[in-house]
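The values are calculated or read from the model by the stated rules, or taken from the named source; none is laboratory data. Worth saying up front: this structure is predicted, and the values here are computed from it rather than measured. Here Cβ is always computed from backbone atoms with ideal geometry, including for glycine, and neighbour counts include all displayed protein chains.
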Amino acid sequence: MLLTSARCLVLLAVFLAAGCAQSPTPDEEPDPRAEDMATLRRYIGRDLWAQDVDLHLLERTLRQLDPARPEIDPFIPMQKRPHQFWAFGREGQPAGLLVLDVQAGKEKPGTTKLRLTAFDEGGGVRARADFTTGHRRYFTSARLQPSADGAEPAVVIEFQVNIGPFFGTYYYALIGDRFDLVRVTDIQYMPHRRDY
């Protein structure tokens with residue numbers, strides 16, 4: 001009788017072990033930051049003001065990744081809003097994300113307010129900068145220019161001067177945890193002095 005009870009216990013243990021081994025493991029909770037980054041990556045390379053884009057979804061997702069990001073008040077005109085997204089990082093390394101926010105509308109005389117926010121590949125904030133195009137200079141476009149040494153690309157901000165047909169370009173580079181102005185050029189892309 002003791003042998004039979006021992007066999008039953010062994011069989012029971014084998015069945016339980018086999019059943020546990022085949023039972024599905026509980027799904028791991030998805031990383032919300034990874035989901036937020038995936039949502040934002042869908043907008044890479046698109047001009048967000050020229051497309052039919054859910055800006056509320058973008059703002060909510062950006063604030064989840066960057067709680068320090070100012071909220072947009074629908075009753076205040078001409079606030080900075082998402083304008084462009086780029087994959088951003090060093091050549092050959094996992095790319096994060098770069099967000100350019102541009103002030104909606106123009107104040108004349110005035111300037112255009114801009115914000116750059118760089119995220120690492122996991123959704124953490126690497127760098128942030130708020131700046132303007134300068135008095136009587138208005139944003140016209142932006143692009144990335146690859147670096148010759150494999151570093152992060154420069155952010156190229158093009159603008160137009162309010163009085164006269166002057167166009168210019170500012171180059172911002174990621175230096176540490178901030179973006180700094182590193183070059184100014186005129187309409188022929190020749191070095192130019194920042195004269196304001």
Here are Phe131, Phe119: which of them is modelled with pLDDT of 85 or more, farther than 16 Å from Arg41 by Cβ and among the aromatic types (Phe, Trp, Tyr)? Phe131
I'm trying to understand the selection: among the residues of the stretch 170-180, which are over 16 Å from the mean Cα position of the chain (by Cα) and surrounded by fewer than 14 Cβ atoms within 10 Å (Cβ to Cβ)? Ile175, Gly176, Asp180
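Considering every residue within the stretch 83-106, establish whether at least one is in contact with a Ser or Thr (Cβ under 6 Å, 6 or more places away or on another chain) and within 30 Å of Val161 (Cβ to Cβ). Give the steps one after another, and end with the answer.
Residues of the stretch 83-106 in contact with a Ser or Thr (Cβ under 6 Å, 6 or more places away or on another chain): 99, 103.
Narrowing the set further to residues that are within 30 Å of Val161 (Cβ to Cβ) leaves 99, 103.
Checking the stretch 83-106: at least one residue is in contact with a Ser or Thr (Cβ under 6 Å, 6 or more places away or on another chain) and within 30 Å of Val161 (Cβ to Cβ).
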Within the stretch 58-95, can you find the residues that are over 17 Å from Ala127 (Cβ atoms), in contact with a strand residue (DSSP E or B) (Cβ under 8 Å, 6 or more places away or on another chain) and either free of Cβ contacts under 8 Å to residues at least 40 places away in the same chain or surrounded by fewer than 13 Cβ atoms within 10 Å (Cβ to Cβ) (or both)? Leu58, Glu59, Ile72, Met78, Gln79, Arg81
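I'd like to know if the stretch 25-39 contains one or more residues that are among the polar types (S, T, N, Q), free of Cβ contacts under 8 Å to residues at least 40 places away in the same chain, loosely packed, with under 13 Cβ neighbours inside 10 Å and within 27 Å of Thr169 (Cα to Cα).
No: the stretch 25-39 contains no residue that is among the polar types (S, T, N, Q), free of Cβ contacts under 8 Å to residues at least 40 places away in the same chain, loosely packed, with under 13 Cβ neighbours inside 10 Å and within 27 Å of Thr169 (Cα to Cα).
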Among the candidates Lys80, Lys108, single out the residue that is among the charged types (D, E, K, R) and either farther than 23 Å from Leu174 by Cα or in contact with a Gly (Cβ under 9 Å, 6 or more places away or on another chain) (or both). Lys108
Please go through the stretch 114-140 and give me each residue that is within 12 Å of Asp177 (Cα to Cα) and of a type in the set (S, T, N, Q), ordered by number. Thr117
Quick check: is even one residue across the stretch 156-169 surrounded by 15 or more Cβ atoms within 10 Å (Cβ to Cβ), of a type in the set (D, E, K, R) and within 25 Å of Arg41 (Cβ to Cβ)? yes
